Ligand code: ATR
């Protein structure tokens, strides 16, 4: 029997067969992933639901064991859990071992946990879709050297860039990132530099990617003057709220190509969706919905 509390006019019911997925983070309430995955489940008629779980770092293991014990399908992780999750997995996808960060977990019927990193695919697929062929042979500058920068560097290598400069406030962290990712860098020329105007090679950069949290609140990024970029350069800020960051605004004013982080979010989610369900997420539908939500956030 359908209770009015558990069904909708569209027939989207919760019943004894409904299975659960979710995202863990601290904080997590800002996440667009529940809206993205639930809309995709609804569109494809899948009896799955996706919730946001606020999990503190000290209770991560307990939360993960509980998810496995309950027979959840899987979950995503956001800040600050991506690195700590690696040690809790039974199996790791190849890319994860190198990146040292898990953002997607699939739980098998025995409760076994397999960790993936779909941010690499998300970054690469978003740029390829927005600017086809631009990654191939490009010289890239990455601002920041945290967890997000690792996935971006791996995505740039997958896209065929020829050089990567990692510019970070703490320059040693950029160098450490490149040393740790060295087995995956192949023939790509890489270096780490401090985040200062003299050291960032903007004149020789066709692709500038901001992975730092600067710009989230309207502050400019010191040392980064987009007027130094070549006129064919593309600027990608992996932030999606606000939809146009000050860095992107400066690039737009110069007539450069820009991309925010929403497409990366959607493509990493689409890859996670594929892992969990074996189905394709309806990306245009999801994008239209999330564009509206991100603009309001
Ligand atoms: P994430 O996993 O999202 O990448 P993170 O690991 O905390 O988060 O990394 C944040 C990045 O933003 C780092 O590169 C950080 O620089 P440091 O390594 O020097 O800490 C950068 N960052 C944050 N706030 C910054 C600021 N005010 N100025 C410059 N860089 C900043």
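The values are calculated or read from the model by the stated rules, or taken from the named source; none is laboratory data. What you see is a predicted model; the values in this text were computed from it and never measured. In this analysis, Cβ positions are derived from the backbone assuming ideal geometry, glycine residues included, and neighbour counts consider all displayed protein chains.
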Going through region 103-121 in order, the residues found to be in a loop (DSSP other than H, G, I, E, B) and more than 18 Å from the chain's Cα centre (by Cα) are 108, 109, 110, 111, 112
(request) Could you please let me know if residue 257 is over 18 Å from residue 164 (Cβ atoms), surrounded by 14 or more Cβ atoms within 10 Å (Cβ to Cβ), in contact with a strand residue (DSSP E or B) (Cβ under 6 Å, 6 or more places away or on another chain) and at pLDDT 95 or above? (result) yes
In the set 209, 166, the lone residue that is closer than 19 Å to residue 100 by Cα, modelled with pLDDT of 95 or more, under 22 Å from the mean Cα position of the chain (by Cα) and in a strand (DSSP E or B) is 166
Counting only residues in region 47-73 that are within 24 Å of the chain's Cα centre (by Cα) and in a loop (DSSP other than H, G, I, E, B), the one surrounded by the fewest Cβ atoms within 10 Å (Cβ to Cβ) is identified as 56
Checked 223, 160 against criteria (at positive phi, away from the ligand (no atom under 13 Å from the Cβ) and either surrounded by 17 or more Cβ atoms within 10 Å (Cβ to Cβ) or in contact (Cβ under 8 Å) with a residue 12 or more places away in the chain (or both)); the one match is 160
Within region 173-184, residues surrounded by fewer than 18 Cβ atoms within 10 Å (Cβ to Cβ) and either in a strand (DSSP E or B) or more than 9 Å from the ligand (Cβ to nearest atom) (or both) come out as 175, 176, 179, 180, 182, 183, 184
Inside region 261-297, the number of residues satisfying the requirement of being assigned to a loop (DSSP other than H, G, I, E, B), surrounded by fewer than 22 Cβ atoms within 10 Å (Cβ to Cβ) and touching a residue at least 12 places away in the same chain (Cβ under 8 Å) is 3
Residue set 137, 100, 144, 122; condition within 16 Å of the ligand (Cβ to nearest atom) and under 20 Å from residue 165 (Cα atoms); output residue 144
When region 185-204 is checked residue by residue, the ones that are away from the ligand (no atom under 11 Å from the Cβ), surrounded by fewer than 17 Cβ atoms within 10 Å (Cβ to Cβ) and not in a loop (DSSP other than H, G, I, E, B) are 185, 189, 191, 203, 204
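One line per residue, one yes/no per condition, for (1) part of a helix (DSSP H, G or I); (2) within 12 Å of the chain's Cα centre (by Cα); (3) without any contact (Cβ under 8 Å) to a residue 60 or more places away in the chain:
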| position | (1), (2), (3) |
| --- | --- |
| 123 | yes, yes, no |
| 127 | yes, no, no |
| 132 | no, no, yes |
| 140 | no, no, no |
| 153 | yes, no, yes |
Residues in region 184-191: is at least one farther than 22 Å from residue 137 by Cβ and within 23 Å of the chain's Cα centre (by Cα)?
no
I'd like to know if region 230-242 contains one or more residues that are assigned to a helix (DSSP H, G or I), without any contact (Cβ under 8 Å) to a residue 40 or more places away in the chain and either under 18 Å from the mean Cα position of the chain (by Cα) or over 28 Å from residue 104 (Cα atoms) (or both).
no
